[in-house]
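The values are calculated or read from the model by the stated rules, or taken from the named source; none is laboratory data. Bear in mind that the values here come from a model prediction, so they are computed numbers and not experimental data. Quick reminder, even Gly has a Cβ in these numbers, built from the backbone with ideal geometry, and neighbours come from all protein chains shown.
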Amino acid sequence: MSISRRDAILLGGAAALAASGCGRVATEVRRHKKTEPWREPSDPKTTRLLDRMTFGWSADEEATFSALGKTAYIERQLKADFEEPIDLTFQLSNLDCLRMQAVELMDIQRETVILELQCAAILRATYSPNQLKERMVDFWSNHFNIYSEKKDGAFFKSTEEEEIIRENALGSFHVMATKMSKSPAMLMYLDNEQNVKEHPNENYARELLELHTLGIYGGYTQKDIQEVARCLTGWKVEDRHILSQHQFPPVAQGTFRFDKDAHDDGAKFVLGHAIPAGGGVTDGERVLAIAVNHPSTAKHLAKKLVLFFTGSRSESLEARVAGAYASSQGNITEMVQPILLSDELMKGEPIVRRPFDFVCASLRRAAAITDGGPDIQRYLRKLGQPIYEWPMPDGYPVDQFSWANTVLPRWQFSYDLSFGKIAGTTIKAEAMPLISKIVGEGSGLTKERMRLLANHLSAPEFQYM
Amino acid sequence: MSRRSALKLGAMGLVPWLLSSSALSQIRIDSKQSGHTLVVLFLRGGSDGLNMLVPYAEDAYFRARPSLAIPKPNDLTVQEQYRSVKINDHFALHPSLRPLKKWYDQGSMALVHAVGSQDMTRSHFEAMSAMERGAPNGISGEPSGWLARYLNKTQSNEDTPLRVVAWANTMPDSLRGAPSPMVVQSISDFKLDADPEFLQMLKDQYSTHESQTKSLIHNAGAQTLQALSKIERLAPKNYQPAGGAVYPTTYLGQGFREVASLLKSDLGLEIACLEDTGWDSHFAQGGTVGIHANNLDSVATTVNAFLTDLGPRTKEITLIVMTEFGRRVEENARLGTDHGRASVMMAFGAVDGGKIHGDWPGIEKGQLDEVGDLKPVNDYRKMLTQFLVPKMPEIANIWV
C-alpha cells in the first residue's frame with residue numbers, strides 16, 4: 001500500500017490532481033454510465049428501510065433491493081460483499097491518504113490530507129454498494145472519534161480508518177476496540193503518549209471506559225480509571241526509525257510502541273480483577289479484554305446502535321442487541337441484524353438527517369456525479385459537519401436539537417446542487433424530476449426540472465429519514 | 001461532556017418527533033435565563049494589563065517602566081489628557097479608557113487585575129488555547145471550547161439559527177464543538193443566494209400555521225425565514241444606533257454595531273464572539289500615546305458606543321473583554337514589553353460593577369513570579385464564573 005517518500009515527491013502532480021479533483025478520469029467514467037431516470041420510491045416501507053440502512057434511498061438502490069428481495073438484500077449488506085464499482089476504486093486510488101503511511105503523509109500539507117480524507121468519506125458514502133458497511137464506518141468512526149486538527153491526527157487517521165474501523169465495521173467489536181487501543185491516532189488524540197509512570201495521564205483511560213466500552217453509568221469508579229491509566233502507562237507512538245539486521249521487523253516510526261521504562265509495573269486492580277505485578281504490556285491488553293467482555297459494554301453499544309438506526313430508545317430491542325453481543329463475543333453483524341428487522345426501525349418516528357447524511361442522500365437521490373472535492377466539502381463545513389473535525393471524543397451528536405438549526409445551509413446546498421453551482425459536482429438532466437405541466441422547451445424545460453429538484457431536496461420531508 | 005451527552009440522550013428518549021411548542025418548552029434540558037446575551041471580545045496577542053489598570057500607588061511600577069509608565073492621576077507635570085484616570089487610591093485607568101469611566105461609576109463595569117491561566121509557557125498559542133477551551137493550561141487534553149460546552153448543555157427547542165454568531169475569519173476555538181455556530185465577516189452573510197421563486201417555495205413549505213403542530217425542522221425553517229427577512233429589513237448598513245452612539249468605522253466597531261442591531265431585533269442571539277488583533281507589544285508599545293494606547297482607544301470608543309446604543313438593554317447583556325496573558329512588569333530595551341502571565345479582564349452590563357474584583361498580588365520584588373511577572377492569582381475561569389453565573393448558571397459546570 002505504501003510508497004516511498006521519493007515516489008511521493010515524483011507523484012506530486014498526481015497528488016495535486018487528487019487534491020483538486022479527486023480523479024477526473026473517474027468522474028468521466030461515471031458521466032458516461034447509464035443513469036436511472038428520476039422516479040418516486042415505490043413504497044414507504046422500502047424507503048424507510050433503505051433510508052436507514054444506506055446513505056439515502058436511490059433509484060439504483062431500490063433496483064438492487066427489488067432484484068434480491070428483502071432477506072437476501074439485508075444478508076448481502078451485512079456481509080458487505082457487493083463488488084465496488086471501478087469508477088469508485090479509480091477515484092479512491094488517486095488519494096495519497098489511502099496509499100501512504102502516516103509518516104510519509106507528513107510531507108504533504110495537513111489541509112490537503114484532511115481534504116483527501118473527507119473526499120474518501122463522501123465518495124464511499126455516496127457510491128459504495130456496500131452501504132450498510134459505510135453507515136457502520138460512520139458510526140464507528142464517531143464512536144472512536146479523533147480530531148484531525150489535534151496533534152498529528154490528520155496523518156494517522158487514515159491508517160486507523162482503513163485498518164481498524166473499515167476492517168471490523170461489521171466484524172468483531174472485540175478486535176476493533178483492542179486494535180484501537182494501540183492505534184497511534186487514538187493514543188495521540190487522547191494523550192496516552194504522555195501517560196507515564198511518574199505522571200499518569202487519565203484521559204485515554206477515562207474515555208476508554210466512558211465512551212468506547214462500558215458507558216458513563218457502566219459501573220466503574222474514579223479508582224478504576226486511575227488503575228486503568230496505570231495499566232496503560234508506556235503505551236506510546238514510536239518516534240524512532242531503526243533498521244537493524246538484528247531486529248525484524250524493523251522499528252517503524254509512527255507505529256505502536258510499548259515503552260517499558262515508562263510503564264508502572266506494580267500490581268493493579270481493575271473492575272474487580274487483580275492484575276499482578278510485572279505484566280508489562282499485557283496489563284493494558286488485559287484491561288481491554290476485561291472491558292470488551294463487561295456486561296455494561298454490551299448495553300452501552302446496544303443503546304447507541306438502536307439509537308443510531310431507530311432514533312429512539314427501546315429497552316426490549318436494546319436487551320436483544322446486548323444479548324446478541326454477549327452470545328457472539330461482540331459480533332457486530334449479530335447486533336445490527338435484529339435492529340434492521342425490528343418494528344422499532346420500521347414504525348418509529350422519522351430521524352433528522354445529519355448534515356453528512358443529508359449531503360450524501362441528496363447526491364444519491366439525484367444520481368449526482370461528484371468528485372467529493374473542496375467545493376462540496378465547503379458545504380459540509382457550513383452545515384457544521386466536516387468529517388473528522390469534531391473536536392470531542394464523543395463524536396458528532398446524533399440528537400435532533402443539534403442539527404435542526406442548519407436549515408439555511410441545507411436550502412443553499414439544495415439550490416446550488418440542483419442548479420449546477422457546485423464545482424466538481426453535476427447532475428444529468430434525465431436524473432431530475434419529471435415535469436407534468438408544459439413549460440416550454442429546451443433550457444426552460446431543464447430549468448424547471450432543476451427547480452423541482454431543489455424543491456424536493458429542501459423540503460422539510462427530505463430533512464428526515 | 002459526559003453529563004451533557006447523558007442528559008441529551010436521556011431527554012431524547014422522551015421527545016417524540018412532533019410536539020406542540022408548549023409541550024416542548026416544558027422539557028427544556030437545562031434552566032436557561034432567557035433574554036440575556038453574552039458578548040465576548042478577545043484581545044489577541046496579550047494586552048498589557050499593567051498599563052490598562054495602572055497600580056499607580058506602587059513605586060515599583062514607575063521604576064520598572066521608565067519610558068512606558070502612565071502618569072499618576074494627580075501628576076501635574078503632564079496635561080490632564082495624559083494622566084491616568086483614578087479608580088481608587090491604588091489603581092487608575094489608562095487615559096485611552098477614559099470613555100469607560102462613566103460606566104464604572106454607574107455600576108455597569110467591573111474590573112479584575114492579575115487574571116490569567118495556569119499556562120506556564122507564555123506562548124500565545126498555548127495560552128489562547130487554554131483560555132478558549134476553558135482549560136487550566138495549553139497542554140490539557142480537552143479539545144472543545146468553553147462556550148461550545150455551555151451551548152451544548154443548554155440546548156433547547158427555542159434556539160434560533162442566530163443563537164451563536166462569531167465575527168471572525170475562522171471559528172474561534174471557544175466555539176469548537178458547538179451546535180451550528182455561525183461564523184461571519186458581517187451579519188449580511190446570513191442570506192440565501194437563490195432566485196425569488198425558490199424563496200417563495202420555501203415560504204410555502206415552512207411557514208407555520210398556528211393550528212398545526214410542526215416538526216423541529218418546520219420550526220427551524222420558519223424561524224430561519226423570519227430571521228432572513230428581519231435581517232434583510234434590518235439592512236445592517238442602514239442601522240441607526242440609539243442615544244447618539246457613534247461606532248468607529250473599524251472592523252471591531254462595525255462588528256459591535258451588528259451585535260447591537262441583532263440584539264435589538266430579538267433574533268435569539270445568546271452568544272456573540274468578536275476578536276481584535278495587534279496586542280503583542282514587544283516593540284514600541286508606547287505609554288499614554290502609541291500603539292497600545294490606540295488599541296485601547298479603539299476598544300473604549302467601541303464599547304462606549306455599544307453600551308450607549310443599547311441604553312436600558314445594557315442590563316440584558318454581559319460583555320467580557322479578555323486577553324490570553326499580560327506583559328512582563330519591566331519594559332524591554334525596545335520600548336515594549338515581553339510576554340507575561342496575568343492581565344486585566346473587563347466585564348460590562350449585567351455584572352456586579354463599580355468595583356475591582358479579585359485579589360492583587362502586588363508588583364514589588366518578592367511579589368512577582370520567578371520570571372518577573374505579575375502572578376495570575378485570579379484564575380480566569382473563576383472570574384468568568386463569577387461574572388456570568390447570575391445570568392448563565394450552567395457556566396459553573398463547564399470547566400475542565
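Numerical summary
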{"read-out": "Filter result for B:M171 (closer than 12 Å to A:L408 by Cα and within 21 Å of the chain's Cα centre (by Cα))", "value": "no"}
{"read-out": "Odd one out for A:T27, checked against (1) assigned to a helix (DSSP H, G or I); (2) at pLDDT 80 or above; (3) crowded, with 17+ Cβ neighbours inside 10 Å; (4) β-branched (V, I, T)", "value": "(2)"}
{"read-out": "Filter result (surrounded by 18 or more Cβ atoms within 10 Å (Cβ to Cβ) and not charged (D, E, K, R)) within the stretch B:299-313", "value": "B:V299, B:A300, B:T301, B:T302, B:V303, B:N304, B:A305, B:F306, B:L307, B:T308, B:L310"}
{"read-out": "B:L269 vs. criteria farther than 25 Å from B:P71 by Cβ and assigned to a loop (DSSP other than H, G, I, E, B)", "value": "yes"}
{"read-out": "Unique match (being buried (at least 20 other Cβ atoms within 10 Å of the Cβ) and either part of a helix (DSSP H, G or I) or at the interface with chain B (Cβ under 10 Å from one of its Cβ atoms) (or both)) among A:Y388, A:Y396", "value": "A:Y396"}
{"read-out": "Hits in the stretch B:303-341 - residues which are closer than 19 Å to B:G286 by Cβ, modelled with pLDDT of 95 or more and aliphatic (A, V, I, L, M)", "value": "B:V329"}
{"read-out": "In the stretch B:165-196, the residues that are more than 9 Å from chain A (Cβ to nearest Cβ) and part of a loop (DSSP other than H, G, I, E, B)", "value": "B:A168, B:N169, B:T170, B:M171, B:P172, B:Q185, B:S186"}
{"read-out": "Residues located in the stretch A:405-430, provided they are in a helix (DSSP H, G or I) and modelled with pLDDT under 90", "value": "A:A429, A:E430"}
{"read-out": "Any hit, the stretch B:236-253, residues being crowded, with 21+ Cβ neighbours inside 10 Å and within 14 Å of chain A (Cβ to nearest Cβ)", "value": "no"}
{"read-out": "Hey, A:R449 assigned to a helix (DSSP H, G or I), away from every other protein chain (no Cβ under 13 Å) and among the basic types (K, R) or not", "value": "yes"}
{"read-out": "Residue list for the stretch A:306-350, restricted to those being out of contact with any Asp or Glu (no Cβ under 6 Å at 6 or more places or on another chain), surrounded by fewer than 20 Cβ atoms within 10 Å (Cβ to Cβ), assigned to a loop (DSSP other than H, G, I, E, B) and away from chain B (no Cβ under 14 Å)", "value": "A:Q329, A:L341, A:S342"}
{"read-out": "Some residue of the stretch B:333-350 being crowded, with 21+ Cβ neighbours inside 10 Å, part of a loop (DSSP other than H, G, I, E, B), in contact with a Leu (Cβ under 9 Å, 6 or more places away or on another chain) and charged (D, E, K, R)", "value": "yes"}
